[in-house]
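A.B. asks: A single structure is presented below for examination.
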Amino acid sequence: MKTEDHSSASDEQLVKAAKRGEMAAFEELVARHRDKIYARAFSMMRNEDEAVDLSQEAWVKSWQRLKQFQGESSFGTWMTRIVINLCLDQLRKRKRQRTESIEEMNEESGGVERQMPVVTTNPTERLERAELRKRIDAALGQLSHEHRTVLVLHEFEDMEYKEIARTMECSIGTVMSRLFYARRKMAVLLANLKTEELK
Amino acid sequence: MMNHDAQLRLQAYLDGELPEQEAAEVKGRLARDPEAQLLLAELQNTSKALSGHEAEAKLPESREFFWSRIQREIQLQERLAEPVPKAPWTSWLQGQFAPAGGLAFVAILLTVLVFHSRAGAGQYGEMELASDDMGAYTFRDQKDKMTMVWFYDRNNDSQFTETSPFASVVPQ
């Protein structure tokens, strides 16, 4: 494949060329998927600099492991898994460095929020797409890393419980508990954002 | 009031993670439990709101700049992974200086030994006699590594008697 053909080539063709050592083909893959990979890192880390660094690290790792990619999933999915694992490693390192507070321990098990009254109205009804995205992003930012991650993996990456448990190195029970708590907390946060808007 | 296990089962039902038998049980409960119905509705609303509504984030760096960072890091990693080749002249130097170094070591060792040996000889060779009437002769046998000292009476003409009572042997 000639260098000038890269922009019209499929991901599969680019991966093949990159496996042969063609850096230009890999550059095209980076250009195509860089925003998606960065967005995933940012959704997990909630920090622009960390997200840039981790997405860069993910690209370097993917170049080094390109031969291991057998095309069982799409290249984009494979890359996303790499950046998710790097983010989780970073979050684990950060967690080891800090002392868990009682509040965090409550969050882990669901805490008092488990007993919260159900939000009976749909707080996102009739919202414009852009506004909805903005609110969801704001609410996600208020969750702990553990709850945000499980929500991101389930709702945005469509992972099953088993896969999330493997990725996050925890039990399926923990995944279910965290997901339940995260969803309930999100419902309350979105409802609060609506209430604030009405005031 | 639903217990936590029932809440999680309801959520698993929503996510399609329950086996058929358990899903049927949850469905049965939903038909008669308004609290379960409300909770399911809340979970569904949140799930629907999230699905496909992830905030769009764009990498805050230009294509060229971001790629240059990645390329530089890849090249650095590849350089670090390569085994460091030895310059040909370092091997030549090693060949030349290894025997010389060995010789230098042997020379230093010999010097130290000889110096030590001489210092030892001086220690035993120098003798002071308290009495002016006494004289002494020493003989060092290098082969047997021993020093012999003869004491004699200066006033006595017959200096060397066969049975000198003061002869002593100092082994080295």
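A.B. asks: State which residue is modelled with the highest pLDDT when the search covers only region A:115-150 and only residues that are surrounded by fewer than 19 Cβ atoms within 10 Å (Cβ to Cβ) and over 24 Å from the mean Cα position of the chain (by Cα).
C.D. replies: A:V118
A.B. asks: Could I ask something else about it? Being at the interface with chain A (Cβ under 10 Å from one of its Cβ atoms), hydrophobic (A, V, I, L, M, F, W, C) and in a loop (DSSP other than H, G, I, E, B) is the requirement here; does B:L10 meet it?
C.D. replies: Against the criterion (at the interface with chain A (Cβ under 10 Å from one of its Cβ atoms), hydrophobic (A, V, I, L, M, F, W, C) and in a loop (DSSP other than H, G, I, E, B)), B:L10 does not qualify.
A.B. asks: Something else: Report, by residue number, each residue of region B:25-67 that is part of a helix (DSSP H, G or I), more than 9 Å from every other protein chain (Cβ to nearest Cβ) and among the small types (G, A, S).
C.D. replies: Passing the criteria: B:G28, B:A31, B:A36.
A.B. asks: Return the residues of region A:151-172 that are more than 8 Å from chain B (Cβ to nearest Cβ) and surrounded by fewer than 20 Cβ atoms within 10 Å (Cβ to Cβ); say none if nothing qualifies.
C.D. replies: A:E157, A:D158, A:K162, A:E163, A:A165, A:R166, A:T167, A:E169, A:C170, A:S171, A:I172
A.B. asks: Those residues that are of a type outside the set (D, E, K, R) and closer than 26 Å to B:E56 by Cα, I need them from region A:9-36; list them, please.
C.D. replies: Hits for region A:9-36 are A:A9, A:S10, A:L14, A:V15, A:A25, A:F26, A:L29, A:V30, A:A31, A:H33.
A.B. asks: How many residues are part of a helix (DSSP H, G or I) and either farther than 14 Å from A:L86 by Cβ or in contact (Cβ under 8 Å) with a residue 60 or more places away in the chain (or both) if we restrict to region A:1-59?
C.D. replies: 35
A.B. asks: Taking the criterion of being under 30 Å from A:K36 (Cβ atoms) and in contact with a Lys or Arg (Cβ under 6 Å, 6 or more places away or on another chain), would at least one residue in region B:32-44 satisfy it?
C.D. replies: Checked region B:32-44: at least one residue is under 30 Å from A:K36 (Cβ atoms) and in contact with a Lys or Arg (Cβ under 6 Å, 6 or more places away or on another chain).
Conditions tested, residue by residue: (1) under 30 Å from A:M159 (Cα atoms); (2) more than 33 Å from the chain's Cα centre (by Cα); (3) surrounded by 11 or more Cβ atoms within 10 Å (Cβ to Cβ); (4) at pLDDT 85 or above.
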{"residue": "B:D5", "(1), (2), (3), (4)": "yes, yes, no, yes"}
{"residue": "B:L8", "(1), (2), (3), (4)": "yes, yes, yes, yes"}
{"residue": "B:P19", "(1), (2), (3), (4)": "yes, yes, no, yes"}
{"residue": "B:A23", "(1), (2), (3), (4)": "yes, yes, yes, yes"}
{"residue": "B:G28", "(1), (2), (3), (4)": "yes, yes, no, yes"}
{"residue": "B:L43", "(1), (2), (3), (4)": "yes, yes, yes, yes"}
{"residue": "B:P83", "(1), (2), (3), (4)": "no, no, no, no"}
{"residue": "B:P99", "(1), (2), (3), (4)": "no, no, no, no"}
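A.B. asks: Somewhere in region A:7-27, is a residue within 19 Å of A:L54 (Cβ to Cβ) and in contact with a Leu (Cβ under 8 Å, 6 or more places away or on another chain)?
C.D. replies: Yes.
The values are calculated or read from the model by the stated rules, or taken from the named source; none is laboratory data. Here the structure is a predicted model, which is why all the values come from computation and not from measurement. Every residue, glycine among them, receives a Cβ derived from its backbone with ideal geometry; neighbour counts consider all protein chains shown.
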